[in-house]
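The values are calculated or read from the model by the stated rules, or taken from the named source; none is laboratory data. Because the structure is a prediction, the values reported are computed rather than measured. Glycine gets a Cβ as well: all are built from the backbone with ideal geometry, and neighbour counts include every protein chain shown.
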Amino acid sequence: MLTEGSYDLTTGAGLVACPRCDALHIERELAPGETARCVRCNTLLASPRVGAFTRIIALSFASLVLMVGAVFFPFLEISRMGFGNETSLFGVAVAFSHGVLMPLTVALLATIVGLPVLRAILLVYTLLPLSRGQAPFRHAVPAFRLSETLRPWSMAEIFVIGTAIALVKVGGLATISFGPAFWAFCGLIMVNAASNAFTSATTIWDAIEDGGLATDGREITSETAG
Amino acid sequence: MSEHHAPIMTAHRAGLVGCRSCGRVWPEGQQTCLRCRSDLNPPDRRSLNAVWAWLIAGLIFYIPANLFPMLKTSTFGGLAGNSESTILGGVIELIHYGNWGVAAIVFVASIVVPIGKFLSIGWLAYVAGRPASVKDAHRRLVIYEVVEFIGRWSMIDVFIVAILSALVQLGFVASIHPGPAAVSFALSVAFTMLSAQSFDPRLIWRGLPLRSRKD
């Protein structure tokens, strides 16, 4: 165990490297509300927030509930000259289910439904014990790493903007009305944005480590007894 | 940040390697980060091979994405005409109907952004590790961050095609089906995202002169 402020240039203990520019910084425990930025490129290094874990868990559950609504309720309805059609989110993805376009169906369902759900579950799995001050679950490390890898591939918000543009495109052709799923999806975007704002990867890695997992004997302790 | 005048010590220069996923620093030669279990790689120009490979794959798929139709529309059972529109054709059609705003969004998302991304990633990979001033390095990092942020938004055109095809199924009156370009466009976007993700931004700072630096 290390005491705060001490570091070793031969092993790298007690140091933090900026992921963007490789500049070395001396590791320090931040108080909630503080923000650490790289001295060279200003990249955000860590920003612990009060009650962040509990909030991320709550937001993850909220996004799961909203996703259930978004998938099963009608998404959009269209009508013209007595012909009508109603589609759910599932219907949108299955639009590509003919022949060569089939794999795109799978990819679309994954990016708009699968990955947001999976990320919510992974975050709950990682943070639930930590928020109660208990030791993290056994697979917390790969779970949180997967959640971070999948972050750019979860495209729910892009989908909603796409919906808005598609509606303008068919606006002249037919009458369109929104189903409850559309509003659930809009709510989902807000919830995900809030959850991302509270997620500071470095803080979560520190918490997993302090919680007793992946211990390499290098976590910082506040006591000088180390 | 810019008021900082002491030379910056980097993990690489100190003979260490930093973890790009959690920031922990390890002795050079360590293969995986013991905290977050991700692979450790020193900032090395060899990692640019992956960037080029994904970028070329993305470029290749961008060609059919523009040549083949994105949407196939038939109105009144084909009596009022069947039309197949490519990406550019769709934009022109929107302008015809006076939807300037939407035309601009689609044009930017599916033509300006992808081409800008190809050029930016190619340029970043070309100049990575070459001599640069501190100001250059900061500008390159901004370009990298813009590319990284904007990359996924190109997928919007694929979503629009999916929504239209699912929604506009009014039998005789009008129906819209996706064209083969949708798949190659989606792949092109995915490959360019992978290309941007494989780029190691630490290389941007490798070319800075060692002496008389003011960063």
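Per-structure values
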item	result
Out of A:T126, A:T111, sole residue that is β-branched (V, I, T), within 14 Å of chain B (Cβ to nearest Cβ), over 26 Å from A:T87 (Cα atoms) and out of contact with any Gly (no Cβ under 9 Å at 6 or more places or on another chain)	A:T126
Unmet requirement for B:Y62, which otherwise passes all of (1) within 7 Å of another protein chain (Cβ to nearest Cβ); (2) in contact (Cβ under 8 Å) with a residue 60 or more places away in the chain	(1)
Some residue of region A:191-207 being within 11 Å of another protein chain (Cβ to nearest Cβ), part of a helix (DSSP H, G or I), closer than 22 Å to A:F75 by Cα and not charged (D, E, K, R)	no
Checking B:F61 against (1) touching a helix residue (DSSP H, G or I) at 6+ places or on another chain (Cβ under 6 Å); (2) more than 30 Å from B:S184 (Cα to Cα), the condition it does not meet	(2)
From B:I156, B:I115, B:I160, residue being surrounded by fewer than 19 Cβ atoms within 10 Å (Cβ to Cβ), touching a helix residue (DSSP H, G or I) at 6+ places or on another chain (Cβ under 9 Å), part of a helix (DSSP H, G or I) and not assigned by TED's automatic domain parsing to the domain that holds B:V17	B:I115
The lone exception for A:E27 - which of (1) crowded, with 21+ Cβ neighbours inside 10 Å; (2) assigned by TED's automatic domain parsing to the domain that holds A:P136; (3) under 26 Å from A:Q134 (Cα atoms) it fails	(2)
Failed item, numbered, when B:H12 is tested on (1) under 30 Å from B:P178 (Cβ atoms); (2) outside the structural domain of B:H177 (by TED's automatic domain parsing)	(1)
Any hit, region A:58-75, residues being within 24 Å of B:A182 (Cα to Cα) and within 12 Å of chain B (Cβ to nearest Cβ)	yes
Test result for B:I8, within 30 Å of B:R140 (Cβ to Cβ), within 14 Å of another protein chain (Cβ to nearest Cβ) and among the β-branched types (V, I, T)	yes
